[in-house]
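Read-outs throughout are calculated quantities, based only on the coordinates presented, and are distinct from any laboratory measurement. Note that this is a predicted model, so its numbers are computed, not measured. Don't worry about glycine lacking a Cβ; one is built from the backbone with ideal geometry, like all the others, and counts go over all protein chains shown.
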Amino acid sequence: MDNLATFFDSPLFSIVRGISTSIIIITTIALVWGTFKGFIPVLWRLGKSLNKRKIALYAESNATSLRNLLQDSKFIKRKNIETISKAEIKKGAENSMMIIYYPDFKDHMLEILSHKKDSDSLIIYAPQSEGRIDQEIMDKVCNERNTIITNMRGRLLNDVITAMITTKYA
């Protein structure tokens with residue numbers, strides 16, 4: 001037994017213990033730094049957006065249903081969703097996120113796009129059963145930053161959360 005204890009007390013094992021300890025310390029520091037540098041800012045931005053970001057919901061015929069979809073997720077507060085009608089399109093430009101129900105606003109899309117700031121996010125909900133998006137509007141949307149087109153209700157909430165993470169709330 002003494003031979004075994006003497007073997008592990010040799011200088012070779014002291015070097016291996018030192019190298020192993022150094023690797024563990026460096027890895028721990030890298031993980032902590034990576035968490036604070038990459039993960040924490042994303043969570044902070046999402047939390048701030050979920051709490052304070054105002055969403056302009058451009059919808060008339062389907063407004064209640066879409067508002068309920070957003071609220072039922074328990075992520076977005078009722079007070080943060082503002083329904084915009086055709087008569088008050090400019091009012092939606094004050095919000096940093098816009099969700100447009102395309103069938104109701106297809107004739108006003110170019111006007112809404114002209115009010116969108118580069119840093120704002122724009123999500124167009126265009127169900128396939130309601131018809132396709134005109135090519136002129138599609139080309140205009142493709143040239144804008146932070147725009148999403150979705151045609152599925154279930155995907156809409158995911159796109160809202162993604163837009164909140166990727167765009168900065170000011």
Next item on the list: Report, to the nearest 10°, how far helix 153-166 tilts away from the longest principal axis of the Cα atoms in the chain, using its own Cα long axis and a range of 0 to 90°.
Entry: 60 degrees
Item checked: Cα centroid separation - segment 127-168 against segment 46-114, whole Å -> 13 Å
Check: In degrees, nearest 10, range 0 to 90: what is the angle between the Cα axis of helix 40-52 and the longest Cα principal axis of the chain?
Finding: 30 degrees
Checklist line | MRE, 222 nm, helices only [DSSP H, n ≥ 4, -39500 (n - 2.57), over the chain, to nearest 500] | finding: -15500 deg cm²/dmol
Notebook entry, point to check: Taking the Cα atoms only, what angle lies between the long axis of helix 63-72 and the longest principal axis of the chain, rounded to 10 degrees?
Noted result: 20 degrees
Checklist line | Highest-MSF residue in the chain out of SER22, SER96, SER14 [GNM, Cα springs under 10 Å] | finding: SER14
Next item on the list: Mind checking the full-extension length gain between THR83 and LEU110? Use 0.36 nm per residue of separation minus the Cα-Cα distance, one decimal, nm.
Entry: 7.8 nm
Notebook entry, point to check: Can you pull out the trypsin sites (Lys or Arg not before Pro) in segment 70-124 that DSSP calls coil and that have at most 15 other Cβ atoms within 10 Å?
Noted result: LYS74, LYS77, LYS117
Margin query: Please compute the alpha carbon radius of gyration of segment 33-77, then divide it by the globular-protein estimate 2.2 N^0.38 Å. Two decimals is fine.
Written below: 1.56
Note to self: For the chain, set up a GNM with springs between Cα atoms under 10 Å and report which of ILE76, ILE100, ILE23 has the largest fluctuation.
What the structure shows: ILE23
Notebook entry, point to check: GLU144 to ARG45: extension gain in nm, 0.36 nm per residue of separation minus the Cα-Cα distance?
Noted result: 33.4 nm
Next item on the list: When a/c is below 1.5 the answer is rounded, else prolate if a/b is larger than b/c, else oblate, so apply that to segment 69-170 with a ≥ b ≥ c taken from the square roots of the Cα gyration tensor eigenvalues.
Entry: rounded
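Please report, to one decimal in angstroms, the Kirkwood hydrodynamic radius of the chain built from all distinct Cα-Cα pairs.
Evaluated over the chain, this radius sits at 19.0 Å.
Counting alpha carbon pairs within less than 8 Å and at least 6 residues apart, what relative contact order, in whole percent, applies to the chain?
Normalised by residue count, the contact order of the chain is 21 percent.
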Check: How would you classify segment 42-119 from its alpha-carbon gyration tensor, with a ≥ b ≥ c the square roots of the eigenvalues: rounded for a/c under 1.5, else prolate if a/b is greater than b/c, otherwise oblate?
Finding: oblate
Note to self: What FRET efficiency comes out for ASP134 versus LYS91 if R0 is 25 angstrom and r is the Cβ-Cβ distance? Round to the nearest 0.05.
What the structure shows: 0.55
Next item on the list: Please find the FRET efficiency linking ARG155 to SER65, where r is the Cβ-Cβ separation and R0 is fixed at 22 Å, and quote it to the nearest 0.05.
Entry: 0.90
